[in-house]
Amino acid sequence: MGRLFWKFFLVFWLAVLTAGIGVGAAVWLWQNTQDRETASNIDHNAHFVAAAGAVLQHSGIASLKSFLVESSGDRIPPVFAVNEQGEELLGRKLPVTLLEQARQLADTGSYPRAIRKIAANDGHSYLLFTPFPERKAPGDRRPPDRFPLLETRPPHGKPPQPVLPIAAGLLASLIFSALLAWYFAKPIRHLRAAFDALSKGRLNTRAGPQMGNRRDELADLGRHFDLMAAQVRTLMDAQQQLLHDVSHELRSPLARMQAAIGLAYQRPEKTAASLHRIERESQRMSDLIGELLTLSRLEVDDSREPDDDIDLAELLHEIVEDARFEADSKELRIEFSGFVEATGKGRGKLIHRAVENVLRNAVQHTEKGSTIIVNAIFDNAGQHLLMTIDDQGPGVPEAELTRIFEPFFRGGDNSKQDSIGLGLTIARRAVEIHGGKISATNRPEGGLRVTIDIPFKPA
C-alpha cells in the first residue's frame, strides 16, 4: 500500500470515528435524560398510586371513587383501580394487554410503589396502577396499551453496556475507510505506473482501460493522460519522420556533390561544369538548412513575442510586387484586389512569410502565360482577414489537399521537384501562430485555391 492510501485511510477513519463519537455522545446524553425523566415519572406516579391505596385502605371504595374523580386532570396521571374480574372502578375501558402487563408486574413485585394490589372492605382485591405514558402530543389522555418504560428499563437495573455497538461501529468504520481509501488510491497508482512507463519511452501506454467504468474526475484524468500520450506519440513520430526526410533531402545533394567532385578528378576539362554543380547543390543545402531553422523556430514559438502595428495594405502590396518580379520571367500576370488602407496588430514578418510562400508556390506551379488572382478582404464583422490565392496550375489530387502543408511533401509527377518542400509548412505554422487557418481546394475551372483566414486585431 502506498502513502496516499494510508493518508486517505486515516483521514476517512478519523472522520468516521469523530462523527460516530459525536452521534454516540448525543444519543448517550439523550438516553440519560430519558432515564432521569423515567425515574422521575416513576416516583411521581408512585405518589398518586400510594395516595389512592391509602384512601382505599382507610376510607373504602366510595372515598376512592371520589379521589379518582377529583384527581383527574391534565397534570395528574390517571390512576386505575381494577378488581379481579378486570372491571375498572370508574368504568373506564383499558386494553387487555395493559391489564395483563400490570398484573404480571404486580405478581413479580416490580415497582412495588407504582403498582399495588390492595384488598378493599367490599371483599374484592383491587389492582391500583397508573401507566407511564409514551411520548405523545400534549393533552393526549388516551391510555397506552403497554408499559414501554417499565418493561425495558427497570428502575434499579443497570443499562446494558454498549460494547457490542462500539465494536461493530469500529469495525464498520475500518472497513468503510479502507474501501474508500482503496477506491481513491487505486486509479492514482495506475496513473503513476502509466507516467513511469511513458517516461521510459513506452509511448503506447494508456491509462484509460485501467480506470474501468469509473465516471469521476480521476477517470477524466486518465482519459486526458491517454490524449496526452497519443499527442506525444504523434509529435515523436512526426519528429522522427522529419529527421528521416531531412536526412533524405541532404543525402541527395551530397551525393550529387560527390559525383561532381569525382567527375572533376576524372575529367579535368569539365571542372567548370562540376564546380557549377557543386555550387548549385551547396546553395540548395544552404536553402534547406535555412528553411529548417525557420520551421524549427516557428514550431517552438510560444507566442509571447508582442504584436506590432502593421500596415496590412502596404504589406500585401509589397509581397505582390516582389512576386510579380519573379513571375515576369514566366510571363505570368498577378492580379491583386483588396483594401486600400488597413492597420492592424500582429507579427508582420510571419504574415509576410506566410503570404509570400503561398504566392511563390502558385508562381512555381502555374502554367506559363496564365494569371494568378490574389484577393484580400475583411469579413462582415471586420474581425478576420480573408485572403485567397488562385492559380491556373494542374491542381492537387483530392487525397493530397491536406498533405501539401506537411514537411517535404511535393506531390505527384506534376510537382516541381526543385522545391524544398517546406514553404507551405512554414506558411501554415505562421498562420496558426496568429490563431488563423489555412486550407487548399481545387477550383472548378482548374487550378488550386489557397485560403488564408487570420483573426484581425485593429491597431
Would you kindly calculate the translational diffusion coefficient of the range 308-458, applying Stokes-Einstein with the Kirkwood radius from alpha carbon pairs, for 20 °C and a viscosity of 1.002 mPa s, and quote it in µm² s⁻¹ without decimals? 138
Mean separation of Cα contacts under 8 Å (at least 6 apart) over the residue count of the range 308-458, i.e. the relative contact order in percent, is 25
How much length is gained if the chain between T343 and A273 is pulled fully straight, taking 0.36 nm per residue apart and subtracting their Cα-Cα distance, in nm to one decimal? 20.2 nm
Among the listed pairs K270/K368; K330/K437; K349/K457; K200/K437; K368/K437, give every one whose C-alpha distance is greater than 24 Å. K270/K368; K330/K437; K200/K437; K368/K437
Tell me, in nm to one decimal, what length is gained between R324 and K437 on full extension, where the rule is 0.36 nm per residue of separation less the Cα-Cα distance? 38.1 nm
Under 12 Å, Cβ to Cβ, from I373 - net charge with Lys/Arg +1 and Asp/Glu -1: -1
Rg and Dmax of the range 188-300 over Cα atoms: what are they, in angstrom? 24.4, 79
So for the range 308-458, taking the charge dipole from beta-carbon charges (+1 Lys/Arg, -1 Asp/Glu), which of T451, Q392, L332 sits furthest toward the positive end? T451
Considering only the other residues whose Cβ falls under 15 Å of the Cβ of D328, what net charge follows from Lys and Arg at +1 and Asp and Glu at -1? 0
Calculated FRET efficiency, I21 and I188, Cβ-Cβ r, R0 35 Å, to nearest 0.05? 0.75
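Laboratory data are not the source of any read-out in this text; all were calculated from the coordinates shown. What you see is a predicted model, and the numbers here were worked out from it, not measured in a lab. Don't worry about glycine lacking a Cβ; one is built from the backbone with ideal geometry, like all the others, and counts go over all protein chains shown.
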